[in-house]
1. Give, as ranges by residue number, the residues of the stretch A:86-118 whose backbone N falls under 13 Å from the point 7 Å along Cα→Cβ of C:GLN309.
2. Putting +1 on Lys and Arg Cβ atoms and -1 on Asp and Glu Cβ atoms, find which of B:PRO205, D:SER34, A:THR170 reaches farthest to the positive end of the dipole of the protein assembly as shown.
3. If I build a Gaussian network model for chain A, linking alpha-carbon pairs within less than 10 angstrom, which residue out of A:ALA118, A:ALA47, A:ALA144 has the largest mean-square fluctuation?
4. Relative to the first principal axis of the alpha-carbon coordinates of chain C, what is the inclination of helix C:256-278, with its axis defined by its Cα atoms, in degrees from 0 to 90 and to the nearest 10?
5. Select from the stretch C:143-193 those chymotrypsin sites (Phe, Trp or Tyr not before Pro) which occupy a DSSP coil region and have at most 13 other Cβ atoms within 10 Å, ordered by residue number.
6. Measure off 7 Å from each Cα along the Cα-to-Cβ vector at A:ASN64 and B:SER186, then give the distance between these two points in nanometres to one decimal.
7. Rg(Cα) of chain C divided by 2.2 N^0.38 Å?
8. Lys and Arg at +1, Asp and Glu at -1: add these up for the other residues within a Cβ distance under 15 Å of A:LEU275 and post the number.
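The values are calculated or read from the model by the stated rules, or taken from the named source; none is laboratory data. Every value quoted in this text rests on a predicted model; they were computed, and no experiment measured them. Note: ideal-geometry Cβ built from the backbone for every residue, glycine included; neighbour counts use all protein chains shown. Keep in mind that these areas ignore ligands, DNA and RNA; they rest on the heavy atoms of the full protein, side chains included. Shrake-Rupley method; radii C 1.70, N 1.55, O 1.52, S 1.80 Å.
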Amino acid sequence: MLELIVYGVVFGSIISLGAIGLTLVFGIIRFANFAHGDLMTAGAYVALFLVTGLLGWLGVPDTNFGPLSFGWRMLIAFPVSMAAVGGLAIAMDRILFSKLRAKKSSAVILAMSSLGAAFIVRMIILILWGADSLFYRPGMLRHAVELPLGIKIRPDQILILAIVVLLVGTLHFFLQKTKMGKAMRATADNMELALVSGINTEKIITLTWLIGGALGAAGGILYGIDVQLHPYMGWNFLIPLFAATILGTIGNVYGALWGGLIIGVAQQVSTAFLLPTYKPAVAFMLMIVILLIKPKGLFGGSSD
Amino acid sequence: MYFSVDRTEDFEVRGERPSVEVMDMNKLEKGNNQNSIMLKVDKVAKSFGGLKAVDECCLEVRQGTITGLIGPNGAGKTTLFNIITGHYKPDKGEIYFEGEPIHGLAPHQIFSKKIYRTFQITREFAQMTVLENLMLVPGGQIGEKIWNTWLRPFAVKAQEKEIRDKALEVLEFVELIHLKDEYAGSLSGGQKKLLELARSMMADPKIVLLDEPGAGINPTLMRKLMDNIQTLCHEKGITFLLIEHDMDLVMNLCEPIIVMSEGKKLAEGCADEIKSDPRVLEAYLGGQYR
Amino acid sequence: MEELARISAYLVSLAIMAGIYSVFCLGLNIQWGYTGLFNIGIAGFFCIGAYTSALITTPKPTGVYARYVHQLFGLDMPFIVGLIGAAIVCGIVAYLIGIPTLRLREDYLAIATLGIAETIRLIFNNEQWLANGPRGLMGLPQPLSWLVDPKHYNYVYLAIVLTVVLIIYLLIERAIRSPWGRVLRAIREDEISAAMSGKDIFKFKMQALVLGSMIMGIGGALYAHYTRAISPSVFTPLYGTFIIWVMLMAGGSGNNKGAILGAFVVWGIWIGTKFMTDMLPYTLKARAPYIRFLFIGILLEIILIYRPQGLLGEEKRVSKLVE
Amino acid sequence: MIILEAKNVTAGYTPELNILNKVNLKVKSGQIVSIIGPNGAGKSTLLKTIFGILKPREGTITFKGDDITGLNPDRIARKGISYVPQVNNVFPSLTVEENLEMGAFIRNDDFTPQMEEVYELFPVLREKRGQKAGQLSGGQRQMVAMGRALMLNPELLLLDEPSAGLAPLMVEMIFEKIVDINNTGVSIIIVEQNAREALKMADHGYVLAMGKNVLDDSGKALLANEEVGRLYLGG
């Protein structure tokens, strides 16, 4: 059981990365972005392209770092693909959402457009890579190390946790200590007043997409390292992402972090009683329960 | 002054307000007892995040009056409307309509008591025609039950006809009949105000709460609106409670006038009393009388 | 002559599918077009409708069969009972989803319907005892099959589908043009104002959600008896939800004729793209469906940005029983 | 010297309805100008139009001789105008200090002296600097809102009903602060329902009704004017 909880934390931390991006977009642009899961998929596949393609072609060696399942190529691919997916998210906003915003379309129309964008991204991935499951490092044996209390964990998973902590810590620093981060929170609070204060809110929106997309990509790659890559992985993440976002109160970044961990642990622990394939359903049921008893989430009353 | 009307004979009766609080339901049903209390707000309070919007407010509206509710911005007038109509739940306090408690009821239940409200910023159904906007309002339409639309088409049709005729009549009254098949969203600001009033008439209300009916409309439409309100009050016996900032409108149309300030009732009286009440002057004009 | 027969058989099968999708579009139009409810779990109702009807109309397997085919029950009842059962079960599921979500912001319903659709697919995939797991159910009966040669049966089924579409269309038109539909549209325009006009918002939204989902259930049942074999892998978000949204948006939400037109047009385009991808080099053929869906996705975005009212758009005055 | 001039400004939110109809306004450097008039007269709309939140359909607005008609709010803020909206004028989930920092968003220099000045002006804000603005009382919020606007060290401050919804004691205090701010050399346009008080401190006053100029005169003259009383309490 303890082991399940630890795996749950690893899995949950990946969900958190996605949920934070989702909740940022929710908080500032105020619509449910159904393309967020597929941005995660895109991140994983861009990294795959770099690791198995471009970087090899450029002659970057790919020996593993000690007990980890990856090496230099992944180390380079990780930030590059975060940036690329951030760019993809911005492009989506420019091509689709900003046009709809300018027409004062409702939040639901934006959500529908994001659903379309999700399918477009996924279809492109399917066209390029096909529908099979893929690995960054196929056929590699994955050894586990034993921690105290008899918990077996793979070195990769420890690193995943470390990366998530690093990313969330950086985001925390950015939001709390930097001028742009504060401006982002201000815009989420009150967009009109932000505009009046001279904050260029369109720029903030762009920044939001960049961060959301990059964090999503990170989550996708980490999942790819931990488990596997699949064109539907992001879509399957969508329900846990929304569950975590709602659990942690929509628009609340720290809520999304905790929400992700709770959902992740709940999903893993459920495998003790249920088939593992039911994991998304567990997240879904948890979300419904929250909606019934505390529709504003566990982290209190947001402004609306 | 845009408008003036001599209504002293109406007001004399009400000059000496009866102190009886007990409702006489028999008299009410006849609908012509102008002295009975129709709406009673009793120590109602509502805060938003530490700000007391309405603070233990008590006030009464009498049957057959056009009661004005005035006060500086932020005095809690609109919030009080929202509480009366069930859009907000009061933190505490009670509201009675014709002697029955109505606090805590849902908006549609309050509507069914024949209380209707309009909004400061008009809320028409933009993508529906003016006629449809009106035909929506009447309660208890048999065609609102989906079974009836299939199983009792003739009854539904007959009632639709009735409602349509009534809607046309009302549109005739507010002089919007030429716009009946236009989208409500395409009307001008003033026409939307008239549409709101027309919709309230469709509800067969006992009382209508009007939130700034005069805001942002031109003098001609304003006069029409005032005429309409007076006609409805005198001929149909509809009671009005209205929030308004246009003093010309309030002073000429309303009796009594209730002044709210800081979420409470500050004063009540006829136009002259209000105009010379130092507390009111202070609330409006600032502290020179302090 | 033979060529002609082949083409006409092809067109018939195309029309049957377009007709079935029309049913879904009509159901979605009640929810989205008239009430503004954002249901992105159509695939879930599609799936439930298909399986319910399958379980109602097939006999429970006996003998050797029972070892290979598991199903919760098999009532061996007529087709029409299957349709009604599908509608009822879908209605109940919709009701249960509506309770926690319809009082909240509109996106919650979307998220919840998405969740229920995925959950339903998982259940049918994993629970062998319920409906034979991933292998699904086969050999579903077809109504009136004794009438004609099996070769020409599709003509009969097309007539059945079109009859169902017509009945549903007439029933919805009647309801939408009545005070009931007027309330739905008022809720879509301004929920608070509709509440202040004395309408019980929750009740009407629930009715729209349930009725729309029941119609989707009928669509699912019609599909099941057309293909005669169903498995969970059919009811994906792509075929079960997404394409239906594109159809409704293309045809014109808030217009029932538009909903049907959209189903036929988009299904036509969908089949048309198949001819185009058939011309692709062999290596790309396996991925042809993805290219086609990519195209459909782009189509949706173009509609949303450039022609959100769709081909037909809403009529100006909808409620007109009298005149 | 005239710091701001609005000429024949016509504006509205919806195409069919003009809220402002050829409104004129002049502010001299160092003045407090009060705009009074009944609700719906277009007072707040005028401020929004000056600050570029609403684009005028006709007319021109000049600030220190530059044409600023139709510029975006951030451009106008850079020119030295700050605006305090009537409602929702703080960032509720940001701390008091962060609210002030946001006021200085477009400044790239060191704004700590300015923040010191704001804290001098509103000492209570220094005490509450770490608290979220959403948890403050109405008066304190108004101070945060004004403090935020002052962080730009503006030459002209636009205040939209700073006394709305405040307790009388608070109102008095806020008005005193407005005079204090003015004494540091900031020109102020104030829209008020609290007409008497607003005119008392005004160098010049404008009366609007139905989106048009009705009267304008020195604050004292308007105070003495019977017409003004009539507009407020009817005939």
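1. No residue passes the distance filter.
2. The one lying farthest along the dipole's positive direction is A:THR170.
3. Maximum among the listed residues: A:ALA144.
4. That helix lies at roughly 40 degrees to the long axis.
5. Filter output for the stretch C:143-193: C:TRP146.
6. Going by the 7 Å Cα→Cβ label model, 7.1 nm.
7. 1.01
8. Charge balance near A:LEU275 sits at 0.
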